[in-house]
Every structure is written in structure tokens, then in C-alpha cells.
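See structure below.
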Amino acid sequence: MTTRTPLAIAAAAIGAGALTLGLTAPAMASPDTRAADQAMVSVFHGVPGMTVDVYANGDRLLGDFKPGTVTKPQALDPGTYDIQVFQAGQGPDGTPAIEKKIEVPADANATIAAHLSADGTPELTAFVNDVSKVDDGKARLTVRHVAAAPAVDVRAGGQPVFKGLVNPDEMTTEVDAGKVSTDVTLAGTDTVAIGPADLNLKAGTSNVVYAWGSADAKDLALKTQTFSTADSTPAAVHGGGGGAAAAGPNSPGDWQAWAAAAGVVTLTGVVVAHRYAGRRG
């Protein structure tokens with residue numbers, strides 16, 4: 001079992017910037033037509049209470065993107081992209097809620113999560129998705145804590161699987177494939193914060209569970225993202241190691257785990273945090 005810190009956390013501040021999820025419509029392609037050096041990128045919306053439109057380099061990428069939604073992986077050309085996130089219907093001439101710039105490296109597989117920090121501040125975190133093959137009869141289970149909530153334990157079948165998971169970290173392990181009942185409790189207690197929820201972990205899959213929402217608002221929830229590991233190639237970027245961000249800006253650009261296979265990702269900009277915070281609840 002491995003505990004990993006986030007590969008990137010967006011700098012939170014009041015001011016202007018550029019939100020980039022880094023996907024321009026002309027650069028996007030389906031996984032079936034993916035070029036050799038393209039990255040696979042998903043987006044998870046984990047900020048409660050706001051439906052958004054996402055613009056990439058001035059073009060609308062996602063419309064009416066609702067909290068609790070994760071997109072399917074899309075093939076992206078490597079490069080630098082500018083993205084703006086607006087409250088639905090307010091772009092592209094209005095003031096964006098989040099703005100960022102991101103450089104996407106070749107051959108990466110990642111999910112960019114817009115979510116709340118432990119204290120309720122909206123931020124952006126990029127996670128590497130481990131799509132390496134698992135042993136026969138096994139499935140990979142990863143839990144990412146992206147909720148405005150304290151440290152938690154994660155149980156499967158009533159037994160702790162992960163302990164002391166804090167926002168915005170993740171923990172991962174391989175488990176026997178099959179259906180399992182899971183719940184999330186406050187760390188060190190039997191107080192259930194989320195669940196129980198039934199997961200169907202199919203053999204040969206990598207399953208990511210996001211614990212998101214706000215404890216204060218009592219809207220904590222789970223969202224699952226599943227990847228096949230059957231098509232993994234040697235070029236796939238794995239999330240092994242400690243996963244700590246490299247020295248430098250504390251941002252999604254610090255995707256250190258991508259560096260060995262695809263080069264260093266850099267991200268600049270600021271999150272206009274007070275606009276999101278004012279709409280929560």
C-alpha cells in the first residue's frame with residue numbers, strides 16, 4: 001500500500017490568472033485515434049454548488065459541467081494550454097471563477113481534479129493514474145481525499161484498508177476482484193462520514209474513488225473512475241514512489257511522476273478562490 005501526496009495543488013489567491021485544464025478542442029482526439037506521444041487526460045469536478053463551463057484557449061471545452069462529474073479520458077497533444085472555468089453561462093466574456101495555464105507532457109495519463117481543500121478553499125490538483133497491469137484476479141483500488149473534511153479511514157468489508165488519509169493525498173493498493181462494500185470514517189473512529197457504498201472491482205481494472213464535497217455542508221459523496229489495465233504499454237506513467245511534488249511551484253505543473261517518462265510539466269496562474277467560496281452552501 002502506498003501513500004502519495006498530490007502531484008499538484010493550484011495556488012490559491014485573490015486576483016486574476018488563467019485556469020487551464022489544458023485541453024483545446026482542436027488538440028483533442030478519441031483514445032482510439034491517439035497518436036504515439038499524446039497524453040490521456042480526464043477532468044473531475046468536485047466543487048459543490050456550481051455548474052461550470054470550461055474554456056480552453058478561448059474555445060468551450062465542457063458546457064454545463066456539474067459537480068460530481070468526471071470526463072472520459074481524452075487524447076491530448078503535448079503542449080501548453082490556457083483554460084478558463086466560468087459559472088455556467090457567464091463565459092467567455094465574464095470573469096472566470098478559476099484560471100490556470102498548464103503544460104501537458106507526452107504519454108501521460110492523469111486526472112485533473114477541481115475540488116475543495118480541507119478548509120474549503122477551491123483548488124486544482126493533478127493526479128497520475130496508475131494504469132499498469134495488476135496480478136491475475138486482482139484490481140487496483142485508489143482513494144483520493146478531495147473533500148473539505150478532516151483525515152479519514154477507508155474500510156472495505158468493514159476492515160480498514162487505508163488509514164489517516166488527508167486532503168489532498170491518495171492511497172492505493174491491489175485487492176481481490178469482486179464486489180465490496182466500502183465506507184469512509186473519521187480517522188481512528190467508527191463514525192461514518194460517507195457510505196456505505198458498493199463497489200464492483202473487476203479483474204484487471206484500476207479503480208479510483210474520490211471522496212469529495214464538504215463536511216460542514218453535509219454533502220460528502222463518492223465518485224468512482226475506472227481504467228482498464230489490459231492496454232497498458234511500457235510508456236504508461238506509473239504513480240509509484242512517494243509521489244511528493246518536486247521542488248518549485250506548488251501547482252499541477254509539479255507532476256513529478258510524469259517527469260521520468262514525459263518531461264516536466266509546469267503550471268502557472270492563480271485560483272480566484274473567493275468567487276467559488278462565496279457560492280458554496
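Structural remarks
- If the condition is being within 25 Å of Thr51 (Cα to Cα) and under 17 Å from the mean Cα position of the chain (by Cα), then the range 105-122 contributes Ala110, Thr111, Ile112, Ala113, Ala114, His115, Leu116, Ser117, Ala118, Gly120, Thr121, Pro122.
- Ala139 being within 30 Å of Glu174 (Cβ to Cβ) and in a strand (DSSP E or B): yes
- The condition (being polar (S, T, N, Q) and more than 18 Å from the chain's Cα centre (by Cα)) is satisfied by just one residue among Thr125, Thr95: Thr95.
- The numbered conditions (1) within 30 Å of Leu222 (Cβ to Cβ); (2) exposed (fewer than 15 other Cβ atoms within 10 Å of the Cβ); (3) modelled with pLDDT of 85 or more are all true for Asn109 except (2).
- Test: Pro73 is farther than 21 Å from Asp107 by Cβ, modelled with pLDDT of 90 or more and not hydroxyl-bearing (Ser, Thr, Tyr): no
- The numbered conditions (1) of a type in the set (D, E, K, R); (2) in contact (Cβ under 8 Å) with a residue 60 or more places away in the chain; (3) more than 26 Å from Thr173 (Cα to Cα) are all true for Lys66 except (2).
- Residue within the range 148-159 that is under 30 Å from Val180 (Cα atoms), surrounded by fewer than 19 Cβ atoms within 10 Å (Cβ to Cβ) and of a type in the set (Lys, Arg) present: no
- Pairs with Cβ under 6 Å, 6+ apart, first in the range 79-91 and over 23 Å from Glu103 (Cβ atoms), second among the acidic types (Asp, Glu) and buried (at least 16 other Cβ atoms within 10 Å of the Cβ): Ala88/Asp53
- One residue stands out among those in the range 119-144 that are among the small types (Gly, Ala, Ser) and more than 26 Å from Asp183 (Cβ to Cβ): the one that is modelled with the lowest pLDDT, which is Ala126.
- Wholly within the range 42-98, strands (runs of 3 or more DSSP E) carrying at least 1 residues that are in contact with an Asp or Glu (Cβ under 8 Å, 6 or more places away or on another chain) and either crowded, with 22+ Cβ neighbours inside 10 Å or not β-branched (Val, Ile, Thr) (or both): 52-56, 59-65, 79-87
- Counted residues, the range 144-183 - those being in contact with a Pro (Cβ under 6 Å, 6 or more places away or on another chain) and of a type in the set (A, V, I, L, M, F, W, C): 1
- Odd one out for Gly204 among (1) in contact (Cβ under 8 Å) with a residue 40 or more places away in the chain; (2) more than 24 Å from Lys72 (Cα to Cα): (2)
- Some residue of the range 25-42 being under 18 Å from the mean Cα position of the chain (by Cα), modelled with pLDDT of 80 or more and of a type outside the set (A, V, I, L, M): yes
The values are calculated or read from the model by the stated rules, or taken from the named source; none is laboratory data. Computed from a predicted model, the values in this text were never measured in an experiment. Positions of Cβ are generated from backbone atoms using ideal geometry, with glycine treated the same way; all protein chains shown enter the neighbour counts.
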